[in-house]
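> Structure in structure tokens, see below.
Every number here is computed from the coordinates shown, using simple stated rules; none is lab data. In this text the structure is predicted, and so the values were computed from the model without any measurement. Neighbour counts are summed over all protein chains in view; Cβ atoms, including those assigned to glycine, are modelled from backbone coordinates with ideal geometry.
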Amino acid sequence: MNHMTAYNLRSAFGGESQAHMRYRIWGEKAEKDGYPTVARLFMATSDAEQVHATLHFKALQDETGDYDVSSRAGFGYGTTSENLQGAIDGETFEFTQMYPAYIAVAEMQEEKAALSAMKYAIEAEKIHAKLFTKAKESVDNDKDLNAEKVYLCPVCGYISLTGDEEKCPLCNAKRDLFKEY
């Protein structure tokens, strides 16, 4: 794999891995704050970030060794509203800045596995940001997110609040594969 694409995948792996843990922590906080559906959204998105990290790791399958990994990571343990804003900011950074740049490099270097992993991630991150925005609006009005369940496509990281899809709109995985929260 070309050096720049491998570097970007390692960075994306680091960022997605940290988001996975951050969202678990923020999900536990949302649960304690009395927002169980927001907590489920955080947990589903945490697992979506693990899906993205796994896709990046698999795209790096021929890369071995130890590397220092530079990645952007949000920190802070605030209110559920503040944590949702942190999630919105992180997801927005990924789909407006990070992944467009990484995809441009992978396209130039014709790295198909990297492109596949990154294209699933960028599209899923757009949806995550919208769902976190919806959740923040609810929390800012002292309400939980209005959804009975949260659904995750374990192939690409797509998330739905309805589960009405016949198949995943991002990767075409069948609905019966979706994980329910």
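> Exactly one of these conditions fails for Lys149: (1) basic (Lys, Arg); (2) surrounded by 18 or more Cβ atoms within 10 Å (Cβ to Cβ); (3) not in a helix (DSSP H, G or I). Give me its number.
All conditions are met except number (2).
> Here's something else I'd like to know. When Gly163 is evaluated against the numbered criteria (1) among the small types (Gly, Ala, Ser); (2) part of a helix (DSSP H, G or I); (3) closer than 30 Å to Asp33 by Cα, which criterion, by number, is the only one it fails?
That leaves (2) as the condition not met.
> What's the total number of residues in the stretch 3-56 that are within 17 Å of Arg72 (Cα to Cα) and of a type in the set (Gly, Ala, Ser)?
Looking only at that region, the number is 9.
> Please go through the stretch 115-145 and pick out each residue that is under 13 Å from Asn83 (Cα atoms) and of a type in the set (Phe, Trp, Tyr).
Of the residues in the stretch 115-145, the ones under 13 Å from Asn83 (Cα atoms) are 129, 132-133, 135-137, 139-140.
Correct list: Phe132 only.
> Would it be correct to say that Ala106 is under 16 Å from the mean Cα position of the chain (by Cα) and either small (Gly, Ala, Ser) or closer than 20 Å to Ser11 by Cβ (or both)?
Values: under 16 Å from the mean Cα position of the chain (by Cα): no; either small (Gly, Ala, Ser) or closer than 20 Å to Ser11 by Cβ (or both): yes.
No, not satisfied.
> Determine if the stretch 155-165 includes at least one residue that is on the phi > 0 side of the Ramachandran plot, touching a residue at least 12 places away in the same chain (Cβ under 8 Å) and crowded, with 22+ Cβ neighbours inside 10 Å.
Step one: of the stretch 155-165, the residues on the phi > 0 side of the Ramachandran plot are 157, 163.
The next check asks that each one be touching a residue at least 12 places away in the same chain (Cβ under 8 Å); those that pass are 157, 163.
This time we only want the ones that are crowded, with 22+ Cβ neighbours inside 10 Å, so: 157.
So far as the stretch 155-165 goes, yes, one or more of its residues are on the phi > 0 side of the Ramachandran plot, touching a residue at least 12 places away in the same chain (Cβ under 8 Å) and crowded, with 22+ Cβ neighbours inside 10 Å.
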